[in-house]
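What follows draws every value from the coordinates through simple rules; no lab data is involved. Fair warning: this is a prediction, and the values are worked out from it, not measured in the lab. Neighbour counts run over all protein chains shown; Cβ positions are idealised from the backbone, glycine included.
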Amino acid sequence: MRILTISHFYEAHGGGIERVAGQLCRQFASLGAEAVWAASNADPAPYTEVEAHSLACANPIEKITGLPMPLPGARAIRTLAREVRRCDAVVVHDALYVTSILALLMAKAHRKRVVLIQHIAGVAFSSRVLRSAVALANIVVTRPMLRAADALVFISDSVRHDLVGTPARMPCSLLFNGVDSAVFHPGEGLAPEPDALAGMPIAPGARRILFVGRYVEKKGLRVVRALAASREDLTFLMVGSGPICPAMWGLANVHDLGTQSPQALAALYRSVDLLLLPSVGEGFPLVIQEAMASGLPVVCGEPSNRADPSATDWLCGVTIDLSDAEGSARRCAQAINSLAPTSKERAAMARYALAHYDWRSMAERLLALARGEKPNSPENRGDL
C-alpha cells in the first residue's frame, strides 16, 4: 500500500506536527507500507526509508504574522498532483494549510481515500485581527475539510470538542501521538548533569524550568519572558528555534540552548524540575507527552491539560492570555509554586504515558483507517 503523507514542513523545522508526521511515516514503512512524504522545501528532506518530495513553496505569511503558511508554486502543485495519483491513500496533517487543501481536493478528484489528522482548533493570537482571521478560516475551510475526509482523527479530546462538539457531530477517532520509550523514560537514581548544560552559569539550587518548542508567539514566549523577569530565583532553560530570540531578552536567568537531539532533550527532562509550556491553540503538544513519560511535572496552557481525559490529574493547566503576558505569568508562577508531585505520582504518570502513547499502535490504526477498516480501539483511543 502506498501512503502519501502531507504536512506543511519536514520535521527539521522543529514543530510538533512535522515531528509527528515524521514518526508516523517511519512507522508506516516499518509496517510494510510504501511511505511517501510531501512537504515544503523550507527545510531539508529526511534521508530515511521514507520517499520524500520537497515542494517549492514561498512562506511570506509567517514572516508577517508568525503563522506558518507555505504557499506552493506551479511546480509544487504538479508534483503534489502526481504523487496523489500514484498513491493508494492520503494522510493529511491539519486542514488549514494550502498543501492540505490541495491534497484533499486532488484525492477526491482521483477517488483516493483521505485520512485527516487534526492537531489544533483555534489559535488565540494577541492580535484580534489574526484571531478573527483564523476563526473565519476554520468556518470556511477547516469544517468542510473535516466533513470531506473519509476518516477523521483527532490527537486531542479538547480539539475534538472544539471542532465537532460533545457528543461528536460526525464520526471520528481519538488517537494520541506516541512516545519513543527507548529515549523518553524516567532515569535511575540521581540524573547526571546533561551535556547541554556544560559550562552554563546556573545558580546552585535554583529550580530549573524547561521550555521546549518553536520560538513563536503562540507558544507563550512573552509569558515566559515576563515570568523570568519577575522570578530571578528560577532558571529558565529554553530549547527550540524561531523568529523570537530569548538570548536577546537580557535576562541572566534565561539560557537559550537552541535545538537539541531527542537524546539530549530526554537528558534535560530527567534533570530539570518541570516543563513549562504556556502556549495557546494547541492540541496535545508532543513535548508534554515526552515529559510525562520521563516523569517530569508539567505546567501548560489550557486546554492542553484536557487533551487526554485520563491524564488530566497529572497536568497543571493555566489560563493563558497572550494579550496579558504579566497576568498569565503570575498564574504560571502560582502553578509552579503549588506543583509538588510525589515520587510515586511521577512514577505513575510515567507508567501511564509509556503504556498509552505508542507510535506503532497509532500507525497501525491509521493504516486500518486508510484501508477503510474500522480499527480495534483501546479504551482511550476509540471511535467517537
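I need the fraction of alpha carbon pairs in the stretch 161-282 separated by more than 17 Å, rounded to a whole percent. Walk me through the numbers before you get to the answer.
Working: 4595 of 7381 pairs.
Cα-Cα pairs of the stretch 161-282 separated by over 17 Å account for 62 percent.
Counting only residues 5 or more places away or on other chains, whose amide H sits under 5 Å from the amide H of S173 once H atoms are built in the peptide plane?
The list, which skips near neighbours in sequence, is L152, V153, F154, L384.
Counting alpha carbon pairs within less than 8 Å and at least 6 residues apart, what relative contact order, in whole percent, applies to the chain? Could the numbers behind the result be given before it?
Numbers: 787 pairs, mean separation 63.2, N = 384.
In percent, rounded to a whole number, it is 16.
Give, in nm to one decimal, the length gained when the segment between D180 and A135 is fully stretched (0.36 nm per residue of separation minus the Cα-Cα distance).
Numbers: separation 45, 0.36 × 45 = 16.20 nm, distance 3.40 nm.
This chain segment gains 12.8 nm when fully extended.
Taking the Cα atoms only, what angle lies between the long axis of helix 359-370 and the longest principal axis of the chain, rounded to 10 degrees?
Roughly 20 degrees, rounded to the nearest 10.
Specify the longest stretch of the chain that does not include any exposed loop site, a site being one of the GluC sites (Glu not before Pro) with a non-H, G, I, E, B DSSP assignment and at most 10 other Cβ atoms within 10 Å.
189-378
Give the average over all directions of the projected area of the C-alpha convex hull of the chain, one decimal, in nm². Before the final figure, lay out the partial values.
Working: hull surface 71.5 nm².
The directionally averaged projection comes out at 17.9 nm².
Counting DSSP beta bridges with both partners in the chain, what percentage is antiparallel, nearest 5? Don't jump to the answer; show the numbers that get you there.
Values: 3 of 47 bridges.
Of all bridge pairs located within the chain, approximately 5 percent are antiparallel.
Relative to 2.2 N^0.38 Å, what does the C-alpha radius of gyration of the stretch 195-356 come to as a ratio? Two decimals please.
Values: Rg = 14.5 Å, N = 162, 2.2 N^0.38 = 15.2 Å.
Cα-based Rg divided by the globular estimate yields 0.96.
FRET efficiency for N337 and A252, Cβ-Cβ distance as r, R0 = 30 Å, nearest 0.05? Kindly include the intermediate steps, with their values, before the conclusion.
On the way: r = 21 Å, r/R0 = 0.71.
Efficiency for this residue pair is about 0.90.
Which residues' amide hydrogens lie under 5 Å from the amide hydrogen of S279, considering only partners 5 or more residues apart or on another chain, with H built in the peptide plane?
Those qualifying (amide H under 5 Å, at least 5 residues apart or on another chain) are G301.
Among the chymotrypsin sites (Phe, Trp or Tyr not before Pro) within the stretch 1-58, which fall in a DSSP loop and have no more than 15 other Cβ atoms within 10 Å of their own Cβ?
Here the sparse-neighbourhood loop sites are Y47.
Rank the residues H110, H255 as a footprinting-exposure proxy: fewest other Cβ atoms within 10 Å of their Cβ go first.
H110, H255
Using every Cα-Cα pair within the stretch 84-136, state what percent have a distance larger than 18 Å.
On the way: 584 of 1378 pairs.
That tail contains 42 percent of the Cα-Cα pairs.
What's the local net charge at A12, with K and R +1, D and E -1, over the other residues with C-beta under 12 Å away? Each step should come with its number before you reach the end.
Values: positive: R19; negative: E11, E18, D43.
Net local charge, A12 excluded: -2.
How many angstrom separate the Cα center of the stretch 182-258 from the Cα center of the stretch 138-176?
Taking the Cα centre of the stretch 138-176 as reference, the centre of the stretch 182-258 is 34 Å away.
Among F176, L190, V164, whose Cα projects farthest towards the positive end of the dipole of the stretch 162-225, with charges put on the beta-carbon of Lys, Arg (+1) and Asp, Glu (-1)?
V164
Using Cα springs under 10 Å in a Gaussian network model of the chain, which residue among L163, L136, L366 shows the largest mean-square fluctuation?
L136
Would you mind checking the tilt of helix 325-338 against the longest principal axis of the Cα atoms of the chain, expressed as 0 to 90 degrees and rounded to 10?
With both axes taken from Cα atoms, the answer is about 70 degrees.
Restricting to bridges with both residues inside the stretch 45-171, how much of the DSSP beta-bridge set is antiparallel, in percent to the nearest 5? List each step's numbers first, then the result.
On the way: 2 of 11 bridges.
The antiparallel fraction comes to roughly 20 percent.
What relative contact order, as a whole-number percentage, does the stretch 170-327 give when Cα pairs under 8 Å and 6 or more residues apart are counted?
26
Provide S279, S127 in ascending order of the number of other Cβ atoms located within 10 Å of each residue's Cβ, fewest first.
Lowest to highest Cβ neighbour count: S127, S279.
Per residue, how much space in cubic angstrom lies within the convex hull of the C-alpha atoms of the stretch 1-78? Intermediate results must be reported in sequence, preceding the final value.
Numbers: hull volume 5.9 nm³, N = 78.
Once divided by residue count, the hull of the stretch 1-78 is 76 Å³.
Between Rg and the Kirkwood Rh of the stretch 1-150, both from Cα atoms, what is the Rg to Rh ratio?
Working: Rg = 14.8 Å, Rh = 15.5 Å.
That ratio is 0.95, to two decimals.
Sorted from fewest to most neighbouring beta carbons within 10 Å, what does the list M170, M69 look like?
Starting with the residue having the fewest Cβ neighbours, the order is M170, M69.
Give me, ordered by chain and number, the residues 5 or more places off L71 or on other chains with an amide H under 5 Å from its own placed amide H.
A58, N59
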